[in-house]
Amino acid sequence: MKTEIINRINALRVFLAQGNVQAVIIPQTDPHQSEYIAAHWEVRRFLSGFTGSAGTLVVTADKALLWTDSRYFIQAAAQLQDTGIELMKEGLPGTPDIIDYLIKVLPKGSRVGFDGWLFSVDSAARIAAQLEKHGLEAVTDFDPVDAIWPERPLLPQAPIFVHDIKYAGESASDKIAKILAKAKEEGADAVFISALDEIAWTLNIRSRDVKCNPVATAYLLLSPQGSTLLTDPAKVDDITRAYLNDNGVKVEPYATIADFLAALPADAKVLAQPDKTSHAAGKILGGRLVKAGSPVPMLKACKNDIQVSGTRAAMERDGVAMVRALMEIERGLKAGEKMTEITISDLLTDLRSKQDLYFDNSFDTIAGFRDHGAIVHYTATEATDVELQPDGLLLIDSGAQYLDGTTDITRTISLGNPTDLQRHDFTLVMKGHIALGSMIFPAGTTGHQLDAIARQFLWQEGLSYLHGTGHGVGHFLNVHEGPQSIRLNHVPTPLTPGMITSNEPGLYREGVHGIRCENLVLTVPAMTTEFGEFLRFETLTLCPFDRSLFDTSLMTDEEIAWVNAYHAEVRERLTPMLTADEAAWLAVATAPLRR
């Protein structure tokens with residue numbers, strides 16, 4: 001495989017020379033600026049061999065480099081070894097960003113190529129301006145991939161189906177009307193949507209085009225005169241076509257997107273979010289483009305009552321699957337059965353698939369034993385899979401797509417004889433988890449303002465983690481969604497009632513262990529006083545934490561009470577869905593903590 005990667009990079013360099021291009025930037029995305037993408041768009045993975053969901057490859061005549069964030073430092077180092085591709089660790093002192101690096105190493109007059117369909121309006125403009133300022137030129141139509149990748153997968157062909165309003169809670173026509181009304185306030189008479197989850201939410205449609213993300217490959221133009229979904233017509237059966245037609249939406253071929261946009265009336269005013277719309281699409285729209293934030297992300301993020309009710313029900317079924325998985329891990333180890341990281345992943349998928357309304361996993365399960373738990377986004381392969389032993393920590397981050405909700409949960413469990421360090425680290429992480437989950441905060445508060453609440457106990461000992469503390473979660477949609485997040489860098493979107501966000505502080509000691517504790521939380525009203533409206537988090541996830549890992553000497557009485565109250569709710573809500581043996585196991589797993 002390493003030789004193949006070297007050959008692919010060399011083949012790319014041939015096209016660089018032929019096109020008089022001195023460097024190429026290859027991101028991990030698609031024309032919809034997606035985080036998770038269909039195999040057709042896995043270009044960076046094909047060229048580099050790196051399988052992480054985030055990272056950008058840069059190739060020059062004599063260098064190949066890959067930038068990625070802290071979640072993937074360990075994984076990328078292993079996968080890039082002996083390929084000639086240098087790892088660039090984003091966010092660390094001394095690591096330049098991509099454009100600063102190119103400005104430094106390329107002579108004036110050099111040309112930097114990239115595919116304009118894979119970069120947003122904003123990012124392409126920023127890159128071009130930075131390069132031009134230093135005497136370099138951006139070539140935005142450089143795309144030699146098909147020639148290098150003759151066996152490139154076709155665009156996905158999964159059928160599109162209707163997400164029933166009994167789960168969605170609001171009709172597509174009502175959503176379209178809201179979106180167009182918001183666009184009118186921005187001086188636009190139409191809205192162009194590229195983001196796949198936004199299209200799926202707007203039209204109440206779903207598909208299997210992207211693994212674990214129930215979206216369809218498409219573009220959407222909304223207009224009072226009639227809307228258009230651009231997708232492969234073969235994906236739309238008569239039932240779905242009739243449904244779309246009833247909501248004023250016609251279907252046109254996906255491949256005609258450039259001609260479709262070019263044919264819009266010259267006086268049209270089309271709202272498109274510049275950080276979600278490709279440079280190529282924006283260039284075609286030209287003067288018709290109204291650059292403004294899309295109203296869809298906020299509408300989508302604030303779940304309605306039916307969606308919230310469905311998510312609560314999905315959490316109960318998911319909690320049952322988790323209890324059964326934890327019981328089986330415990331039983332198998334005691335019986336001396338061979339269990340591996342892949343075994344755990346398969347077990348979770350099997351148990352979830354037996355729950356009502358299961359559709360798919362919401363992401364590839366992370367099951368990391370001992371030092372593998374320190375690889376933040378680790379996924380076991382046949383080459384890395386290890387057998388579990390009756391000691392050490394096992395980090396399990398997993399979730400599912402149900403028709404009535406999306407789940408995402410992380411539990412770190414001891415497989416036996418937890419050490420003082422393991423219990424100490426786990427308790428510090430849980431103290432942050434509890435502090436964030438218990439917060440009451442004024443309306444208008446952003447995730448940036450709350451992030452330190454979860455990190456404070458780690459910081460006090462000179463410890464930290466480099467990933468965000470919380471991300472938005474869709475409703476039978478992408479497990480990662482915006483616009484809100486809880487992280488160190490500022491994201492201006494306030495946490496708003498109806499938003500579902502993860503609460504997942506962690507701690508990772510490379511070569512030793514990884515710990516992460518994650519529940520999903522719902523933003524809900526807390527109180528109104530003379531100082532205004534205050535909000536809080538309702539914990540949605542239902543699954544016990546490993547009691548053996550708590551060091552109560554490090555905990556306050558209030559923290560112990562929080563754990564006991566949470567475990568009491570888990571026991572109360574899950575017990576009616578369990579067998580007698582399962583209920584007995586849960587009773588022990590949720591017994592009150594004592595000093």
request  = Being modelled with pLDDT of 95 or more and open to solvent by 10 Å² or more (accessible area, probe 1.4 Å) is the filter here, so list the residues in the stretch 417-427 that pass it.
outcome  = Pro418, Thr419, Asp420, Leu421, Gln422, Arg423, His424
Qualifying positions in the stretch 157-202 - in contact with a Leu (Cβ under 9 Å, 6 or more places away or on another chain), farther than 22 Å from Leu289 by Cβ and open to solvent by less than 10 Å² (accessible area, probe 1.4 Å) = Ile160, His163, Ala172, Lys175, Ala200
query = Here are some residues: Thr445, Thr407. Which one is in contact with a helix residue (DSSP H, G or I) (Cβ under 9 Å, 6 or more places away or on another chain) and either on the phi < 0 side of the Ramachandran plot or open to solvent by 10 Å² or more (accessible area, probe 1.4 Å) (or both)?
reply = Thr407
key: the stretch 253-269, residues that are surrounded by 13 or more Cβ atoms within 10 Å (Cβ to Cβ) and assigned to a loop (DSSP other than H, G, I, E, B)   = Pro253, Leu264, Ala268, Lys269
inquiry  = If I filter the stretch 68-79 for residues that are among the β-branched types (Val, Ile, Thr) and out of contact with any Phe, Trp or Tyr (no Cβ under 9 Å at 6 or more places or on another chain), do I get at least one hit?
reply    = no
message = Is it the case, given these coordinates, that Glu461 is of a type outside the set (Lys, Arg) and either in contact (Cβ under 8 Å) with a residue 12 or more places away in the chain or touching an Asp or Glu at 6+ places or on another chain (Cβ under 8 Å) (or both)?
response = yes
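Does Leu357 satisfy the condition of being surrounded by fewer than 19 Cβ atoms within 10 Å (Cβ to Cβ) and touching an Asp or Glu at 6+ places or on another chain (Cβ under 9 Å)?
yes
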key: Count of residues meeting criterion [among the hydroxyl-bearing types (Ser, Thr, Tyr), within 21 Å of Cys517 (Cα to Cα) and either touching a helix residue (DSSP H, G or I) at 6+ places or on another chain (Cβ under 6 Å) or buried (at least 17 other Cβ atoms within 10 Å of the Cβ) (or both)] in the stretch 553-595   = 2
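Considering only helices (runs of 4 or more DSSP H) fully contained in the stretch 3-107, which possess at least 1 residues that are among the hydrophobic types (A, V, I, L, M, F, W, C), more than 28 Å from Gly282 (Cα to Cα) and free of Cβ contacts under 8 Å to residues at least 60 places away in the same chain?
Working: elements: 43-48, 73-80, 98-105.
Hits in the stretch 3-107: 73-80, 98-105.
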message = I'd like to verify a number: residues in the stretch 311-350 that are open to solvent by 10 Å² or more (accessible area, probe 1.4 Å) and either farther than 26 Å from Gly52 by Cα or touching a Pro at 6+ places or on another chain (Cβ under 6 Å) (or both), how many?
response = 16
remark   = Here the residues within the stretch 42-55 that are on the phi < 0 side of the Ramachandran plot, open to solvent by less than 30 Å² (accessible area, probe 1.4 Å) and not hydrophobic (A, V, I, L, M, F, W, C) are Arg44, Ser48, Gly52, Ser53
ask   = Residues in the stretch 387-443 that are over 18 Å from the mean Cα position of the chain (by Cα) and in a loop (DSSP other than H, G, I, E, B): how many?
value = 15
Test: Glu151 is of a type in the set (D, E, K, R), more than 30 Å from Asn7 (Cα to Cα) and out of contact with any Lys or Arg (no Cβ under 9 Å at 6 or more places or on another chain) = no
task = Assess whether Phe119 counts as being crowded, with 22+ Cβ neighbours inside 10 Å and closer than 19 Å to Leu47 by Cβ.
result = yes
request  = Please give the number of the condition Asp451 fails out of (1) more than 18 Å from Asp397 (Cα to Cα); (2) open to solvent by 10 Å² or more (accessible area, probe 1.4 Å); (3) within 20 Å of the chain's Cα centre (by Cα); (4) not hydroxyl-bearing (Ser, Thr, Tyr).
outcome  = (2)
ask   = In the stretch 164-182, what residues are at negative phi and not aliphatic (A, V, I, L, M)?
value = Asp164, Lys166, Tyr167, Glu170, Ser171, Ser173, Asp174, Lys175, Lys178, Lys182
query = Which of the residues spanning the stretch 20-41 are closer than 22 Å to Gln79 by Cα, over 16 Å from the mean Cα position of the chain (by Cα) and open to solvent by 20 Å² or more (accessible area, probe 1.4 Å)?
reply = Ala39, His40, Trp41
query = Within the stretch 270-305, which residues are over 26 Å from Phe476 (Cα atoms), touching a strand residue (DSSP E or B) at 6+ places or on another chain (Cβ under 8 Å) and open to solvent by 50 Å² or more (accessible area, probe 1.4 Å)?
reply = Lys291
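Would you be able to tell me the number of residues in the stretch 223-249 that are assigned to a helix (DSSP H, G or I), open to solvent by less than 20 Å² (accessible area, probe 1.4 Å) and not hydroxyl-bearing (Ser, Thr, Tyr)?
Selection size over the stretch 223-249: 2.
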ask   = If Val145 satisfies every condition in (1) modelled with pLDDT of 95 or more; (2) touching a strand residue (DSSP E or B) at 6+ places or on another chain (Cβ under 9 Å) but one, which is the exception?
value = (1)
ask   = If you check every pair at least six apart or on different chains, which have Cβ atoms under 8 Å apart with a residue in the stretch 224-245 that is on the phi > 0 side of the Ramachandran plot first and a residue that is modelled with pLDDT of 95 or more second?
value = Gly226/Gly248; Gly226/Val249; Gly226/Lys250
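The values are calculated or read from the model by the stated rules, or taken from the named source; none is laboratory data. The structure displayed is predicted, hence computed values, not measured ones. Here the Cβ is made from the backbone with ideal geometry for all residues, glycine too, and neighbour counts use every protein chain on show. Ligands, DNA and RNA are stripped out before the accessible areas are found, and what is left, the full protein with its side chains, is counted by its heavy atoms. Shrake-Rupley method; radii C 1.70, N 1.55, O 1.52, S 1.80 Å.
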